[in-house]
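The values are calculated or read from the model by the stated rules, or taken from the named source; none is laboratory data. The model shown is predicted, which means the values in this text are computed figures rather than measured ones. When we count neighbours, we look across all protein chains shown, and the Cβ atoms used for this are built from the backbone with ideal geometry, even at glycine.
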Amino acid sequence: MVLTRRAHKAILQWLPNETITEIVQAAPRSDQASLCRVSKLFRDLCLLILYRVVGLEADASVADFGDTVLSNAALAGLVRSYSVHFPRAGMAHVERFSQVLVDSSKALVRLEALSIHHMLLTDTHLEMLLRWTFPHLVRCRLGTASSHWNDTEEQDTLASFLIRHPGLENLHIQHIPYALERSSTSVRIPLPRLQQLRCPPRIIPSIVALRLKRVQLYWNNDDLDEVENTFVALKAMTASDVVDSVSRNLPHTRTLQLQSDYPPLHEAIGHLKNCLPRFTGLAFLSVHPMSRVLYVREGGVSEEINVLSDACPTLEACRLRRRAFRKVDGMWETCCLDVFNELAGLSGTI
């Protein structure tokens, strides 16, 4: 972007700061950075935009950002959203970045959204971060790559963190150690504004949330004995079989997403045929394996979609394996996965 001195004076004379800000927001981030050097006014306006939403990968940019906000409280106060992604190439020095992430996050006093990939935090550093309070936090995604925590005091940190953040609307707890999950169920955690939740199922009975609209759960074999308790707790908010429990305890479910490598899809269809009639308003159903190696059965998907449609006439769209379908004028037609995800409300992330 090239801005002459005459054009710069004309902009300052005829356009209010609010209009200039809207124009800058529409420009690419590289141009926004260039505009910072035009004048003091442009620098002040562009910094507000550049630092409001910060998305980084765990490389030198994380360290540079940490140095900046730790040495400049004014810039740290501009940040509203801070997300750090795990680089595709992997990272060998997680320990070093963990400390930087904790220190830089704690410096962001006006933070509203925090998202740190679970592979970037050790259990010790996650515990340090969970002891901090972010007064304005509404969206949070945290976790650790560790399989367990050893210190009893640390195991209660997750519950304490959530209790101190009642304004959360979107919460994603990823790969929290089993011991931490279990200890957290002994307390009640009021989250009156929570609308979207993604977490291990053992956390559910502890959550008190009456405005919950969307839930995604990480299931594993150790959680099967908690199926009934989990869905009874969900019903209060809005070695059993998961789908059967959902249909009995949450019959008004509108979107049901099943993702597993076992049983094979044709066996799952047979089981769903018996459970789906209990749902009174199910509109969107997604059934696909977690792995990229897909089980393909001779006979195609058309027969299976008809079986599901007969069992649940309220279905409007359905995904089986890598194929998606939607009902148009009473007839099933294929559609792309993006269209299905948009219809079912699965295109966003928690």
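For this structure, a couple of remarks:
- Filter result (assigned to a strand (DSSP E or B) and either of a type in the set (Val, Ile, Thr) or closer than 16 Å to Leu121 by Cβ (or both)) within the stretch 51-70: Val53, Val54, Leu56, Glu57
- Restricted to the stretch 311-350, the set of strands (runs of 3 or more DSSP E) holding at least 2 residues that are charged (D, E, K, R) comprises 323-328.
Yes or no, residue by residue, for (1) aliphatic (A, V, I, L, M); (2) at pLDDT below 90:
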{"site": "Ala74", "(1), (2)": "yes, yes"}
{"site": "Val79", "(1), (2)": "yes, no"}
{"site": "Pro87", "(1), (2)": "no, yes"}
{"site": "Val94", "(1), (2)": "yes, yes"}
{"site": "Leu108", "(1), (2)": "yes, no"}
{"site": "Leu111", "(1), (2)": "yes, no"}
{"site": "His117", "(1), (2)": "no, yes"}
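- Checked against the criterion of being at pLDDT below 75, part of a loop (DSSP other than H, G, I, E, B) and either within 22 Å of the chain's Cα centre (by Cα) or surrounded by fewer than 18 Cβ atoms within 10 Å (Cβ to Cβ) (or both), the candidates Ala239, Ala233 yield just one match: Ala239.
For every residue, the table says whether it meets (1) assigned to a strand (DSSP E or B); (2) at pLDDT 90 or above.
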position	(1), (2)
His136	no, yes
Arg141	yes, yes
Leu158	no, no
Ile173	yes, no
Ala179	no, no
Arg182	no, no
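- Considering the stretch 287-339, and only residues there that are surrounded by 11 or more Cβ atoms within 10 Å (Cβ to Cβ) and of a type in the set (S, T, N, Q), the residue that is modelled with the lowest pLDDT turns out to be Ser302.
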